[in-house]
1. With equal scatterers on the alpha carbons only and no solvent term, can you work out the Debye log10 of I(q)/I(0) for the stretch 2-257 at 0.11, 0.12, 0.16 1/Å?
2. Calculate the dipole size of the stretch 190-262 relative to its Cα centre from +1 charges on Lys and Arg beta carbons and -1 charges on Asp and Glu beta carbons; express the result in debye to the nearest 20.
3. Using Cα pairs under 8 angstrom and six or more residues apart, how large is the relative contact order of the chain, in percent?
4. Which listed residue (Asn162, Leu83, Leu215) has the Cα farthest towards the positive end of the charge dipole for the chain, taking +1 on Lys and Arg C-beta and -1 on Asp and Glu C-beta about the Cα centre?
5. Relative to the present Cα-Cα distance, how much length would full extension add between Ile75 and Glu7 at 0.36 nm per residue of separation?
6. In degrees, nearest 10, range 0 to 90: what is the angle between the Cα axis of helix 62-77 and the longest Cα principal axis of the chain?
7. Can you list residues whose amide H is under 5 Å from Lys225's amide H, if they're 5+ apart or on another chain and H is modeled 1.01 Å from N?
8. Grab the Cα-Cα distance for Glu241 and Ser64, subtract it from 0.36 nm times how many residues apart they are, and report the gain in nm with one decimal.
Amino acid sequence: MWKWEAEGQPKAVVVIIHNAYEHHRRYAWLIQMLRNGGFHVVTSDLPGHGSESGRRIHDEPFKSYVDHVKKMIDIALMDNLPLFVLGHGLGATIVMHILQREKLECAGFIFSSPWLSMNHQPSKFKGMLTKLSSSMKVNHDITIEMLTRNYDMYIEFQNDRNYSSVVFASWYRELLAMMKSIMTHEESIFDVPVLVHTGEHDKITDISYGKSWLLNQHLSEFHYKEWKRLYHDLYQEPEREEVYLYIESFMNNVLRSLGYIV
């Protein structure tokens, strides 16, 4: 795991949980913006992801993701500062899953483009889910062009050897099961400030599910933002500075409500 300290006096800690198939280095820009804003940052590659795993096909049990995220949060809490958890894509889904089962000592949660229903599925899964062997390899085939409109990102990640969207059928079935369990869970998460934001032109997920999930929670403070024109990777888009200012404002407002001077 990695920790980057804030520039100057820290006011809170942010844990970043990345999306499926990628790694923490795709968040270098966001990490620096958070540090400049007075936030410590804790992040890590999910099991089976990033350069240290050496894997090209994902078959990790989702429990390993859950355990890893909980460990990240425990480490961040050691700073004795207000803690925000920022989950993107599958990272958001994992945190939602945890919140439906236990209370986390966090000041607030930011969920961007949560995976709760997929618009883009592996071609072999269309009408064939129950027929595929668990060891069958399928390519989710999520390309950088589907994630962002930012041409600079196309150049930066076109040779990213640590990005792979090939999975075993059993992995994808577990993903579908987790998404379904989150959407059918009847009890609300505990009352904590939550921000859910998505891109209007998300090519990966059905963004209506994120809004529906949020409205079904019994929260005294919640925010939903649908970014016009933006794709799935909000923190990579050309408008990412505006996106950052929005989440920073959310966190600063939560800190003020807790009595902190920001």
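1. -0.56, -0.67, -1.27
2. Charge dipole of the stretch 190-262: 120 debye, to the nearest 20.
3. 20 percent
4. The residue sitting most towards the positive pole is Asn162.
5. On the way: separation 68, 0.36 × 68 = 24.48 nm, distance 1.97 nm.
Full extension of this stretch gives 22.5 nm more.
6. Result, in degrees: 10.
7. Val196, His197, Thr198
8. Stretched out fully, the Glu241 to Ser64 stretch lengthens by 60.4 nm.
A short reminder: the numbers here are calculations on the coordinates, not readings from a lab. Since we're looking at a predicted model, the values are computed, not measured. Neighbour counts run over all protein chains shown; Cβ positions are idealised from the backbone, glycine included.
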